[in-house]
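The values are calculated or read from the model by the stated rules, or taken from the named source; none is laboratory data. Here the structure is a predicted model, which means the values were calculated and not measured. Don't worry about glycine lacking a Cβ; one is built from the backbone with ideal geometry, like all the others, and counts go over all protein chains shown.
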Amino acid sequence: MKTNVRLCHLLLRRRFCTKSAPKVKTRMGKQMGAWQICQYGGNEELTQTTAARAPSIQKPTDLLIEIHAASVNPIDTLMRGGYGKTMLNMLRQGLWNQAGGTEFPLILGRDFSGVVMETGKDVTRYKPGDEVWGAIAAQRQGTHAQYCIVGQSEISHKPKSLSHVEAASLPYVAVTTWTALCQVGGLTQKNAQNQRVLIHGGSGGLGTFAIQLMKAWGAEVTTTCSTDAVGLVQSLGADVVIDYKTQDVQSELQRISGFDVILDPIGGKIPTFSTDLLKSWRNSKYVTLVTPVLSNTDKFGIPLGLFTSATSFGTNIIKGISNGRSYRWALFIPNGNALGQIAKLVDDGKIEPVIDKVFTFDQLPDAFQKVEGKHGRGKTVISIKDS
Ligand SMILES: COC1=C(O)C(=O)C(C)=C(C/C=C(\C)CC/C=C(\C)CC/C=C(\C)CC/C=C(\C)CC/C=C(\C)CC/C=C(\C)CC/C=C(\C)CC/C=C(\C)CC/C=C(\C)CCC=C(C)C)C1=O
Ligand SMILES: NC(=O)C1=CN([C@@H]2O[C@H](COP(=O)(O)OP(=O)(O)OC[C@H]3O[C@@H](n4cnc5c(N)ncnc54)[C@H](O)[C@@H]3O)[C@@H](O)[C@H]2O)C=CC1
């Protein structure tokens, strides 16, 4: 399987890697190609246009990026349907720097690999022509477009060893994993050695990255996935694999329990038995990426939605405290610094992109449909500049 994954990368590299030096050019018009929505709904709301409003630099620390490739994440399909709109509208009030504070038209897409076109006057680390990658702040217009605006703290130089298509598969899942396992879970390159880490959903975009990061740092990794993905997660280094289609995940995990950190990007029944799998009184942590904050605020409004979420958070925290185990939430937070460290791990050959399928820009709705199918093996990527 490892051979297959590597072969797939070689083929992708041959097809999508541009060898010529990036050309720096100035945008002449104020319009750009993009996919956008003008109201929430299904895939039929995605509209391709060549006349989207092109973004421009608003803050001295902003950069204008020409996007070569972007990925599609589950959050894009959810946001297309209106998920998170209440929190997002709150964030946009006074903060929206690209589209005049309006909700629509909305461009989706959370990460990219591309080239710096222009820099604000306080940008010190990048210059026009630099190849960069990033995962952008929630309130920004998205990356399923020819151009986007980013802050310099949201990006880093992209790994030199990857094409733009390969690079675009990583930033959103990599930064989210970093927040969850490192900032919230407390794992670092120095302390991860021999820590017992359980990663649910090892075959997805997030799981395939998380397994590799933990193995690069010397942790012992247990993961869950379905039968057809067992070979893939083993090829990424997983030490113990539990097949949720043929095995009883709960009892198998109870049998080998005593984890230091558990990462849960799946939710469902998993939180009901997960804290019991942690070591007691050893600073162990269950970190879930599935929180009720956005659905509660969409349903009840901000004050009641936050109160309801805090109640569920508080109840779980208290349960954990009584037996020396922590229950924590993690949410994506932009982190260019983390991306810089991840780029080095990639260039050192410690982490490889795992790409399920690459779509052209014109095929973006098909890419959304694939991600909505919920059984990706690695990432779905859109080639924008080269398609
Ligand atoms: C699909 O994938 C994704 C998701 O699913 C996602 O959810 C997300 C977010 C992403 C990432 C998405 C993006 C990057 C793009 C879209 C982004 C947005 C739409 C908006 C982003 C903005 C946010 C997510 C803001 C998030 C806001 C917060 C994190 C703050 C809200 C936090 C809380 C409500 C929790 C509050 C916690 C505290 C205040 C800490 C202190 C509180 C306590 C300890 C508990 C308080 C206790 C009580 C109230 C009492 C309750 C206690 C009891 C009942 C105990 C009783 C006990 C016994 C009886 C034993 C994505 O990709
Ligand atoms: N809170 C946050 O800020 C963020 C949360 N997330 C959460 O992480 C989830 C996963 O993200 P991605 O990996 O990008 O999605 P993905 O769709 O690429 O991967 C999900 C994987 O889980 C597998 N799976 C489904 N049910 C399973 C089960 N019961 N046990 C084990 N594996 C199972 C699927 O086959 C798929 O391979 C998102 O749906 C979202 O809920 C992701 C990013 C940010």
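The table that follows gives values for the structure above.
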quantity: Any pair with Cβ under 6 angstrom, 6 or more apart, that starts in the stretch 351-364 at a residue that is of a type in the set (Phe, Trp, Tyr) and ends at one that is surrounded by fewer than 22 Cβ atoms within 10 Å (Cβ to Cβ) and outside any loop (DSSP other than H, G, I, E, B); calculated: 359/366
quantity: Residue selected from the stretch 282-296 under the condition closer than 21 Å to residue 222 by Cα and touching a residue at least 40 places away in the same chain (Cβ under 8 Å), by the criterion farthest from ligand 2 (Cβ to nearest atom); calculated: 282
quantity: Condition check for residue 26: at pLDDT 95 or above, surrounded by fewer than 19 Cβ atoms within 10 Å (Cβ to Cβ) and either farther than 26 Å from residue 378 by Cα or in the same structural domain as residue 126 (by TED's automatic domain parsing) (or both); calculated: no
quantity: Residue match in the stretch 250-263 (condition: within 11 Å of ligand 2 (Cβ to nearest atom) and under 30 Å from residue 88 (Cα atoms)); calculated: yes
quantity: Filter result for residue 107 (modelled with pLDDT of 95 or more, within 16 Å of ligand 1 (Cβ to nearest atom), within 19 Å of the chain's Cα centre (by Cα) and β-branched (Val, Ile, Thr)); calculated: yes
quantity: Number of the exception - residue 89 against (1) closer than 15 Å to residue 137 by Cα; (2) modelled with pLDDT of 95 or more; (3) in a helix (DSSP H, G or I); (4) not aliphatic (A, V, I, L, M); calculated: (2)
quantity: Qualifying residue in the stretch 124-135 (condition: within 14 Å of ligand 1 (Cβ to nearest atom) and either under 19 Å from the mean Cα position of the chain (by Cα) or of a type in the set (A, V, I, L, M, F, W, C) (or both)); calculated: yes
quantity: Pair list, Cβ < 8 Å and 6+ apart or interchain, from the stretch 312-330 residues that are surrounded by fewer than 17 Cβ atoms within 10 Å (Cβ to Cβ) to residues that are assigned to a helix (DSSP H, G or I); calculated: 319/275; 323/275
quantity: Condition met for residue 374 (assigned to a loop (DSSP other than H, G, I, E, B), of a type in the set (D, E, K, R) and more than 16 Å from the chain's Cα centre (by Cα)); calculated: no
quantity: All positions within the stretch 37-86 that are aliphatic (A, V, I, L, M) and in a loop (DSSP other than H, G, I, E, B); calculated: 46, 54, 57
quantity: Helices (runs of 4 or more DSSP H) enclosed by the stretch 249-349 - at least 1 residues per element that are within 9 Å of ligand 1 (Cβ to nearest atom); calculated: 293-300, 302-321
quantity: Pair list, Cβ under 8 Å, 6 or more apart: the stretch 247-274 residue in contact (Cβ under 8 Å) with a residue 12 or more places away in the chain and loosely packed, with under 14 Cβ neighbours inside 10 Å, other residue in a helix (DSSP H, G or I) and not hydrophobic (A, V, I, L, M, F, W, C); calculated: 254/276; 269/250
quantity: Of all residues in the stretch 53-85 being polar (S, T, N, Q) and within 17 Å of the chain's Cα centre (by Cα), the one that is surrounded by the most Cβ atoms within 10 Å (Cβ to Cβ); calculated: 71
quantity: Matching entry among 294, 289 (being in contact with a Gly (Cβ under 6 Å, 6 or more places away or on another chain) and either under 30 Å from residue 50 (Cβ atoms) or at pLDDT 95 or above (or both)); calculated: 294
